Amino acid sequence: MNIPFTYGKIVDELDFTDRLKETAQLVSSFQSLTNTAIISPRRWGKSSLVAKAVKKIEHKQDAILFVRINIFKCENPQEFYELYAKKTMEEMSSSAESLLANAKEFISRLLPKLSLSDPSGQYEIALGVNIKDNPIEEDILNLPQQIATKKKKKVVVCIDEFQQIGEFPDTIKFQKILRNHWQEHKDVAYILYGSKKHMMLNIFGNNSSPFYRFGDMMFIEKIANEEWKKFIVTRFKDTGKTIKAETAGYLAEQVENHPYYVQQLAQYAWLRTKKTCTEEIVDSALQAMLYSLNLQFVNLMDSLTEKQRNFLCAICEGATNFSSAETLRHYRLGTSGNIRILKNALLKRDLIDVTGKKIQIQDPLLKRWIIEEYSKIG
Ligand SMILES: Nc1ncnc2c1ncn2[C@@H]1O[C@H](COP(=O)(O)OP(=O)(O)OP(=O)(O)O)[C@@H](O)[C@H]1O
Ligand SMILES: [Mg+2]
């Protein structure tokens, strides 16, 4: 029997729930060619959402071509350009013949030594030249617009793990090049998203950054408890087991409705359930999950300074007025001038989220682990 809950992968079809509003909004951005940056903390479902929205209109709307690129492995502009050219060509082409024809038409001038390889049954372009030696690398950025013009179609370029460009050498210069080219493209939209919220906000929300006001900023929310209830009940039912809506709601609440963790906890609970899932089963599944994360969290805490660890504990225990003498002393945070430094260091690591005066721990299980385990030993 297939396990009905999935985590750590892009989810689709029966594994995907809710997000109707966000999907509609993205589809409308595709149609109106509105550049969009999608921002959320880790593992709330950005990649799955884009995949869903693309799938929704990809087959219906022949007039839009999609290019999907994940730049996670790119470490510098050269690698970016190379992947960009390769993916653009591959995604434009439905067969090996059209890939070859498109490559000849669009990139043979840029990359004369390209060839086709078929390592895994799927045709792939092998670029025979080192892009570094080519002075026309930036022309690659114009490929989507060039294709849009030639084929009389709209092109939507979706780039996942976009924050990676923030790690490139000379990143600001590179960002300026991207923005200068992209803003000229009348028939192309850029949908940019990534797993590091802090870096994404730096790229898009900072008024001195080249990407400031590049397009819409879409902040996605967690999935509501009511939606999780329906989803979990249905997935149990589909596989011959049962869970009450109330228990399903309790399950999602334990991990604060965090999409990745709800699916993980639901899977752990489902595996422990013979026929009917109870709150006791959910509790024991949660303990197993915390146990499996223990080492990861211990290592994480080890990588922080003592004051950073104390600050995390203070947040977990509900402290709010961090500059008060009492809080500073109780949690051994040093002077009040330290708070800003601690906050920035933890923000940079994407461990906390700050909205106005409110500071929250991003990872609900880290929070629970700190309260239940770390505070006892720390
Ligand atoms: N709409 C959804 N319905 C059900 N589960 C979801 C949904 N979106 C996300 N999830 C759960 O969250 C997990 C992470 O989703 P996804 O990889 O799309 O998030 P992400 O925001 O792109 O993550 P990252 O920040 O690591 O890039 C999925 O594997 C799945 O378990
Ligand atoms: Mg992702």
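The values are calculated or read from the model by the stated rules, or taken from the named source; none is laboratory data. Just so it is clear, the structure is predicted and the values come from calculations on it, not from any experiment. Backbone-built Cβ (ideal geometry, glycine too); neighbour counts: all protein chains shown.
The table below lists the values:
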item	result
Answer residue from region 36-47, given it is closer than 18 Å to ILE69 by Cβ and in contact with a helix residue (DSSP H, G or I) (Cβ under 8 Å, 6 or more places away or on another chain) and is farthest from ligand 2 (Cβ to nearest atom) among those	THR36
Flag if ALA51 is crowded, with 16+ Cβ neighbours inside 10 Å and within 13 Å of ligand 2 (Cβ to nearest atom)	yes
PHE219 vs. criteria within 16 Å of ligand 2 (Cβ to nearest atom) and surrounded by fewer than 20 Cβ atoms within 10 Å (Cβ to Cβ)	yes
Residue list for region 233-267, restricted to those being over 23 Å from the mean Cα position of the chain (by Cα), touching a residue at least 60 places away in the same chain (Cβ under 8 Å) and surrounded by 18 or more Cβ atoms within 10 Å (Cβ to Cβ)	ARG235, PHE236
Hits in region 322-378 - residues which are charged (D, E, K, R), out of contact with any Leu (no Cβ under 9 Å at 6 or more places or on another chain), surrounded by 12 or more Cβ atoms within 10 Å (Cβ to Cβ) and assigned to a helix (DSSP H, G or I)	LYS343, LYS348
Residue within region 265-274 that is touching a strand residue (DSSP E or B) at 6+ places or on another chain (Cβ under 6 Å) and assigned to a helix (DSSP H, G or I) present	yes
Test: residue in region 244-258 that is outside the structural domain of ILE39 (by TED's automatic domain parsing), among the basic types (Lys, Arg) and either in a helix (DSSP H, G or I) or at pLDDT 95 or above (or both)	yes
Residue ID - farthest from ligand 1 (Cβ to nearest atom), chosen from residues in region 43-59 that are more than 22 Å from LYS186 (Cβ to Cβ) and modelled with pLDDT under 95	HIS59
Which listed residue, of TRP182, TRP270, is among the hydrophobic types (A, V, I, L, M, F, W, C), surrounded by 17 or more Cβ atoms within 10 Å (Cβ to Cβ) and within 16 Å of ligand 1 (Cβ to nearest atom)	TRP270
Selection within region 211-242 - of a type in the set (Val, Ile, Thr) and more than 16 Å from SER48 (Cα to Cα)	ILE232, VAL233, THR234, THR239, THR242
Hits in region 1-35 (condition: crowded, with 18+ Cβ neighbours inside 10 Å and within 13 Å of ligand 2 (Cβ to nearest atom))	VAL11
Top-ranked residue of region 54-94 - restricted to ones that are crowded, with 18+ Cβ neighbours inside 10 Å and of a type in the set (Ser, Thr, Tyr), ranked as farthest from VAL156 (Cα to Cα)	TYR81
Residue satisfying all of: in region 1-34; of a type in the set (Asp, Glu) and more than 7 Å from ligand 1 (Cβ to nearest atom); farthest from ALA269 (Cα to Cα) among these	GLU22
Odd one out for ASN206, checked against (1) more than 24 Å from SER40 (Cα to Cα); (2) without any contact (Cβ under 8 Å) to a residue 24 or more places away in the chain; (3) assigned by TED's automatic domain parsing to the domain that holds PHE162	(1)
